[in-house]
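Novice: Mind looking over this structure? Questions follow.
Throughout, read-outs are computed from the coordinates displayed, never taken from laboratory work. Predicted model, so just to flag it, every value in this text is computed and none were measured. Cβ placement follows ideal geometry from the backbone for every residue including glycine, while neighbour counts extend to all protein chains displayed.
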Amino acid sequence: MSDLLKKIDFGNEAADDIDSEELDKFFIVQPLFNKFLDPKNRILVATGKKGIGKSALLKWTKYNVSKSDRKAIVINARGADLVRQRFHLNTPLQTPNDYIRDWMVRICSLVNRTLASYFKIALTDDKITLIECAEIEGYKSRNLVGCLIDRFHKKGILSTEKKTIKDELEILKRTTEKKLWIFIDDLDATFQTTREALLELATFFSACRYLTQDLNDIHFRITMRTDVWSVIRRFDESLDKMDQYVNDILWYQSDFRKLLSKRIESQINQLNYPINKPKKFFSTEEKDEYFINHIFVPKMEWGDKNIYTYKVLYTLSYERPRWFIQLCKLSQERATRLQSNKINRTHINDIWGEYGKKRIDDLISEHKHQCDQIEELLNSFRGCNRLLTRGELFKWINNRILTHLTPVIEGEQVPNNRDVARFLFKIGFIVARSDNEDGEHYEHYSFDQMTDFLSSRTDDDFSVKWEIHPCYREALDIKKINRSHRARFERLRKDK
């Protein structure tokens, strides 16, 4: 057995726990991501599903902004850091304007805390938070940092500070070109589908827009889940002006190939592992395949075809980098236990059930705010066929779900099979499949690509079939594609 497979480390799954310099080494820069570095873009929002790399993008952006502009003031926060209780705000909010002003106070208070830390000033919560709406109105066309520092003077907060701090303060005030970058990760971390929560989250973006319009130094970079953005976008029509600033993160097969290759190459270099590296690669694809093939077999069986290994990993990870790394780690553990030189399809098959259980748990935690009964909905498909017609899908939902309960989805009772199916399509549990005329090729369509599917009682959606995504199948013992759990567990038992 090659010791490289045993020694290789596919890296941390969570960007929050990775050093910024390390992340920068193997970060895959899509063309979209460069927009987040451009100061001309005053506000940008990255949306995506859980595990898609939103936190990684924000961390990469923050690192490169700080490196390129040493004068920039960078503020890092999470959605949970912005709840009203953290700022001791308890005045009742009624109108949208009340919420917008309240958000402005919270944002300015967030900046105050950073400035207090910069000058090593011990401010009480009251001094940090007490910003009048009239003061905010007076900030227009000015520099927010300078305005807040002036406010420190007016409140007498800096009057007793040491001379060195006052000198730093004067330098900072004279630096009018100093830019303020506010990074907010997981803005929707505490979101629940209630009218109050919808209003609060929707008005946050109005507050950001007003601040970027009125102030010349402030930039926002924000992440949130795609489905939450869709919900608040429908709730508040004024957010149509925000659409131009919202970017959905998508990963393609070539991105995953590069990601896997970079991680393996980085580890080979770090381990100083001896390999016969060619003097020249004729293409990026050739280089990527070269490094991947040190750990994985070049191709794997998928259906009735042999396809490149990274494509199998891409499909099973559902286009999410975090799931991709988890799948690689589980497969590596299984392969090393069996003393194999490389990871092959058998190793992936062996851990597919365990991996699928993790994916179902992720799906539940990601969408439980939309439907408390989501776990019961997913488990109702245990043992069903992997491919269903529209009629078969509706019949299964009727027999396995609606005869037992009436699901509540996004605050409304859903008594019909089509709406249940649409919810499952929306969260990605099922995908649409269209077979070509030759009967040998097919295309898959997600909700983002076909938002109208399952929305009409009379339209048959081009007679597409409905397929449970491969990453969930083994955990649910889906028929016509997997071996039985009994056979799999028997083989695992013998290997122990």
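Novice: So if R0 is 56 Å, what FRET efficiency would Asn12 and Glu196 give, r being the distance between their Cβ atoms, rounded to the nearest 0.05?
Specialist: In this case the efficiency is close to 0.95.
Novice: State to the nearest 20 debye the size of the charge dipole of the range 383-470 about its Cα centre, where the only charges are +1 on K and R beta carbons and -1 on D and E beta carbons.
Specialist: In total the dipole reaches around 520 debye.
Novice: Suppose every K and R has +1 on its Cβ and every D and E has -1 on its Cβ; what is the size of the dipole of the range 252-366 about the Cα centre, in Debye to the nearest 20?
Specialist: Result for the range 252-366 is approximately 360 debye, rounded to the nearest 20.
Novice: Could you list Lys258, Lys368 in order of exposure, starting from the residue whose Cβ has the fewest other Cβ atoms within 10 Å?
Specialist: Ranked by crowding around the Cβ, least crowded first: Lys368, Lys258.
Novice: Working out 0.36 nm times the residue gap between Lys71 and Lys358, then minus their Cα-Cα distance, what length gain in nm do you get to one decimal?
Specialist: 99.0 nm
Novice: For Arg78, enumerate residues with amide H under 5 Å from its amide H, sequence gap 5+ or separate chain, H modeled in the peptide plane.
Specialist: Hits under the 5 Å cutoff: Asp185.
Novice: Over the range 252-366, calculate the relative contact order: mean separation of alpha carbon pairs under 8 Å at least 6 apart, over the residue count, as a percent.
Specialist: This gives 22 percent for the range 252-366.
Novice: Name the residues of the range 344-380 whose amide N is less than 17 Å from a point 7 angstrom out from the Cα of Leu405 along the C-beta direction?
Specialist: What the label zone holds, given the 17 Å backbone N cut-off, is 360-380.
Novice: Can you put Val246, Val29, Val105 in order, fewest other beta carbons within 10 Å first?
Specialist: Least crowded to most crowded, the residues run Val29, Val246, Val105.
Novice: Between Ser238 and Gln449, what FRET efficiency follows from the Cβ-Cβ distance if R0 is 25 Å, with the result rounded to 0.05?
Specialist: 0.40
Novice: Can I ask one more? What does the charge count around Lys280 come to, taking other residues whose C-beta lies under 13 Å from its C-beta (Lys +1, Arg +1, Asp -1, Glu -1)?
Specialist: +2
Novice: Can you sort Trp181, Trp323 so the residue with the fewest Cβ neighbours within 10 Å comes first?
Specialist: Trp181, Trp323
Novice: Specify the inter-centroid distance of the range 346-372 and the range 224-297, based on alpha-carbon positions, in whole Å.
Specialist: Each part reduced to its Cα centre gives a spacing of 21 Å.
Novice: While we're on this one: Would you mind calculating the gained length between Ser266 and Lys50 on full extension (0.36 nm times residue separation, minus the Cα-Cα distance), in nm to one decimal?
Specialist: So the extension gain works out to 75.2 nm.
Novice: List the residues, sorted by chain then number, that are 5 or more residues from Tyr442 or on another chain and whose placed amide H is less than 5 Å from its amide H.
Specialist: Asn436
Novice: Based on the Cβ-Cβ distance of Arg86 and Ser254, what FRET efficiency does E = 1/(1 + (r/R0)^6) give at R0 = 41 Å, to the nearest 0.05?
Specialist: Between Arg86 and Ser254 the formula returns 0.45.
Novice: Turning to a different aspect of this structure: Name the residue farthest towards the positive end of the dipole of the range 383-470 from the options Asn416, His469, Ser446, assuming +1 on Cβ of Lys and Arg, -1 on Cβ of Asp and Glu, about the Cα centre.
Specialist: The residue sitting most towards the positive pole is Asn416.
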